Amino acid sequence: MTLDRMAYEIETVEPTQEPQAQSLWQRFDRWWLLLVGVIILTYLLIRIRPDPYGRIYRFLGDGMRVTVGITMVSFLFILLAGLIGGFGRISKNPVINAMASIYVEVMRGIPLLVQLLFIYYASPIVLRGIGARLTTIWPALSVRLVTIKLNPFAAAVLGLTLCYGAYMSEIVRAGIESIAKGQMEAARSLGMSYFQAMRYVILPQAIRIILPPVGNEFVALLKDSSLVSVVAVADMTRRGREFMASTFLALETWLMVGLLYLVMTLFAARIVAYIERKTLFVR
Amino acid sequence: MCDNIIEIEHVSKRFGHVVALDDLSLTVKRGEVVVIIGPSGSGKSTLLRCIDHLEDIDSGSIVVDGIPLTEAENIDKVRAEVGMVFQLFNLFPHLTALENVILAQRVVRKRSPQEAEEIAHQLLAKVHIPEKADAYPAQLSGGQQQRVAIARALAMQPKIMLFDEPTSALDPEMITEVLDVMLDLANEGMTMVVVSHEMGFVKAAAKRILFMCDGTIIEEATPDGLTLDACKEERTRQFLSKILT
């Protein structure tokens, strides 16, 4: 073996390839055990003390579905908002850039709880005020605005999207900016347009970089979705409050609610970790 | 068809207060290999980047293969005709060597997957690494990466190849493998503008050697005339004495 050949052998060792000798146990993501432990604990509570834990669990059931539903729907809109906001933040057009920057800064500066309260309770007042002034100019719209009643679910999704979309914009922006400038230049020098270069060269690399923070956002959103209970959405937290109000079982109720949130967030975190490992690539 | 493939007239370019190109004019004929040498900061790279329109010029005009580099719609057209090889390779790390060579063929040239793959395999063979088709850039040595980058540029069937210090980020052992590929290209009649201080390549391939200093071309020579005595300018002699050893 010549020196050249040896140097070449050393350079081609794949940094991410795991040694073959690893057993199944070693490759196993042991955090799953924590999740299993929490599930077993919850299950035992329900089996051993059906009253009140079984009752609480059944009472919380539809609230849990609302929590999952609102998180999923919001997250789709948040991804969209983050993509638009992120591209706005890196735009060279001063108007678009300023709009995106103001959106991000304002939304990050106001607590999510206050945003939700404003959207559900305050914004209809604003809309009704506008409607009242449009009676002569545009009667049809005026009537709709004056009689407006916000759907709690829609208001909650809107609030979560506006707030988390701002954070997501920053994640998208940072991800795109983290890709070396030479990548865009190489793509453009081959004759690709800006959008082709984004689509085929920059974004595929940026996605792998922004995936971990995006996963964190999902888990954080799952927990923050409990705030929507203040705008009349019957999520798990609100159902817990209702149960406690009628039974005064504070300890049992909030223990159960906490355990169920923990099951959901631990599960989501494992899924995120799994996707991250699947998309690792050699840099 | 015009004989001059690149026509640069009175081009100036400044970055803030720094003048990168100062009223520079240059014409390159079809099939010519032009090597640009000069101290760092003299505007060599900027000149190449302006030809590929990676930088805007402040004044003057650049016409590439009869297409003026002014209107936006011309830029992508020119870029597809001009291949650019960078000092730091700039391969796409998420794609294999083969996919690196295929991508722009599919996206820009709209070739079929089979055709693009066939061309990519041919070009990887041409740069002497057909066996590395499925390797990712991080699994390749610098010299191999640079050769994939050359194949990637050639896949667009460019009329001109620009090389921006293609070997200055490489270990000495890997420089020759890249220069060999470049020499092959020169012998095939490719128009090339090369920024490089590899005197072996300059002597073997260059038709004209331009010496740049402070954003302008201060002296021009042929490979034979590239000796300390033949140079008129003091600055050229100073620089040459350091690289001609």
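The values are calculated or read from the model by the stated rules, or taken from the named source; none is laboratory data. Just so it is clear, the structure is predicted and the values come from calculations on it, not from any experiment. Because the Cβ atoms are built from the backbone with ideal geometry, glycine has one as well, and the counts that use them run over all protein chains shown. With ligands, DNA and RNA removed, areas are computed over all heavy atoms of the protein, side chains included. Shrake-Rupley method; radii C 1.70, N 1.55, O 1.52, S 1.80 Å.
Go through segment A:221-228 residue by residue and turn each phi into a ³J(HN,Hα) via Karplus (6.51, -1.76, 1.60, θ = phi - 60°); whole Hz please, and just put x for glycine and proline.
For segment A:221-228, the Karplus curve yields 5, 4, 6, 5, 4, 5, 5, 5 Hz.
Helix-only mean residue ellipticity at 222 nm, chain A, DSSP H runs n ≥ 4 weighted -39,500 (n - 2.57), per residue, nearest 500. What is it?
-24500 deg cm²/dmol
Considering just Cα atoms, how many Å³ per residue does the convex hull of chain B enclose?
Dividing the Cα hull volume of chain B by its residues yields 133 Å³.
As a test of reading the structure, rank A:LEU76, A:LEU211 by solvent-accessible area (1.4 Å probe, protein chains only), most first.
I get A:LEU76, A:LEU211, largest accessible area first.
Compute the whole-percent fraction of alpha carbon pairs in segment B:71-119 spaced more than 16 Å apart.
For segment B:71-119, the fraction of Cα-Cα distances above 16 Å is 51 percent.
Summing +1 for each Lys or Arg and -1 for each Asp or Glu, what net charge is found among the other residues whose Cβ lies under 14 Å from the Cβ of A:GLU177?
Here the count lands on +3.
Treating the beta-carbon of each Lys and Arg as +1 and of each Asp and Glu as -1, no other charges, what is the dipole magnitude of the protein assembly as shown about its Cα centre, to the nearest 20 debye?
3180
Nearest-5 percent of antiparallel DSSP beta bridges in chain B?
Here the antiparallel bridges make up roughly 55 percent for chain B.
Run the paramagnetic zone check for A:LEU249: 7 angstrom along Cα to Cβ, then residues of segment A:48-69 with backbone nitrogen under 17 Å.
Answer for this model: A:48-64.
At 222 nm, what value in deg cm²/dmol follows for chain B if DSSP H runs of at least 4 each add -39500 (n - 2.57) and the sum is divided by all its residues, to the nearest 500?
Estimated from H runs of four or more residues: -11000 deg cm²/dmol.
What order do B:LEU240, A:LEU41 take when sorted by accessible area (1.4 Å probe), most exposed first?
A:LEU41, B:LEU240
Using unit Cβ charges (K, R positive; D, E negative) and no other charged atoms, how large, in debye to the nearest 20, is the dipole of segment A:48-129 about its Cα centre?
The calculated dipole for segment A:48-129 is roughly 80 debye.
What whole number of Å gives the distance from the Cα centroid of segment A:182-246 to the Cα centroid of segment B:47-105?
Using only Cα atoms, the two centres lie 34 Å from each other.
When DSSP beta bridges are limited to those with both residues in the protein assembly as shown, what percentage is antiparallel, rounded to the nearest 5?
55
Taking +1 at the Cβ of each Lys and Arg and -1 at the Cβ of each Asp and Glu, which of A:THR135, A:ILE202, B:THR176 sits farthest along the dipole of the protein assembly as shown towards its positive end, judged by Cα position relative to the Cα centre?
Final value for the positive-end residue is A:THR135.
State, as an integer percentage, the relative contact order of segment A:35-281 based on alpha-carbon contacts under 8 Å between residues 6 or more apart.
31
Could you work out the relative contact order of segment A:33-158? I mean the mean sequence separation of Cα pairs under 8 Å and 6+ apart, divided by the number of residues, in percent.
About 18 percent, as a whole number.
Net charge around B:ARG111, counting only other residues with Cβ within less than 10 Å of its Cβ (Lys, Arg = +1; Asp, Glu = -1)?
0
Compute the distance from the alpha-carbon center of segment B:223-239 to that of segment A:97-153, in whole Å.
Here the answer is 74 Å between Cα centres.
What accessible surface, in Å², does a 1.4 Å probe find on A:ILE125, ignoring ligands, DNA and RNA and rounding to the nearest 10?
A:ILE125 exposes around 110 Å² with every protein chain in place.
Can you give the local net charge around A:TYR53? Use residues other than it whose beta-carbon is closer than 15 angstrom to its beta-carbon, Lys and Arg +1, Asp and Glu -1.
That works out to +3.
With the dipole of chain B worked out from charges on the C-beta (+1 for Lys and Arg, -1 for Asp and Glu) around the Cα centre, which of B:ALA205, B:ALA153, B:GLY60 lies farthest toward the positive end?
With unit charges placed on the Cβ atoms, the residue in question is B:ALA153.
What angle do you read, to the nearest 10 degrees and between 0 and 90, between the alpha-carbon axis of helix B:72-81 and the longest principal axis of chain B?
With both axes taken from Cα atoms, the answer is about 80 degrees.
Just round it to a whole percent: the fraction of Cα-Cα distances in segment B:135-202 exceeding 21 Å.
So the portion of pairs separated by more than 21 Å is 20 percent.
Given an 8 Å cut-off on Cα distances and at least 6 residues of separation, report the relative contact order of segment B:100-232 as a percent.
18
Work the Kirkwood hydrodynamic radius out for segment A:35-281: mean of 1/r over every pair of different alpha-carbon atoms, inverted, in Å.
20.8
Over 19 Å between Cα atoms, which of B:LYS13/B:LYS44; B:LYS29/B:LYS207; B:LYS126/B:LYS159; A:LYS92/A:LYS181; B:LYS77/B:LYS207 qualify?
From B:LYS13/B:LYS44; B:LYS29/B:LYS207; B:LYS126/B:LYS159; A:LYS92/A:LYS181; B:LYS77/B:LYS207, over 19 Å: B:LYS77/B:LYS207.
For B:ILE5, enumerate residues with amide H under 5 Å from its amide H, sequence gap 5+ or separate chain, H modeled in the peptide plane.
Amide H neighbours of B:ILE5, under 5 Å, 5+ apart: B:VAL28, B:LYS29, B:ARG30.
If you bin the C-alpha pair distances of the protein assembly as shown every 20 Å from 0, what whole percents do you get?
17, 37, 27, 16, 3, 0
For the interface of B with A, what's the total buried accessible surface in square angstrom, probe 1.4 angstrom, rounded to the nearest hundred?
That pair hides around 2400 Å² of surface in total.
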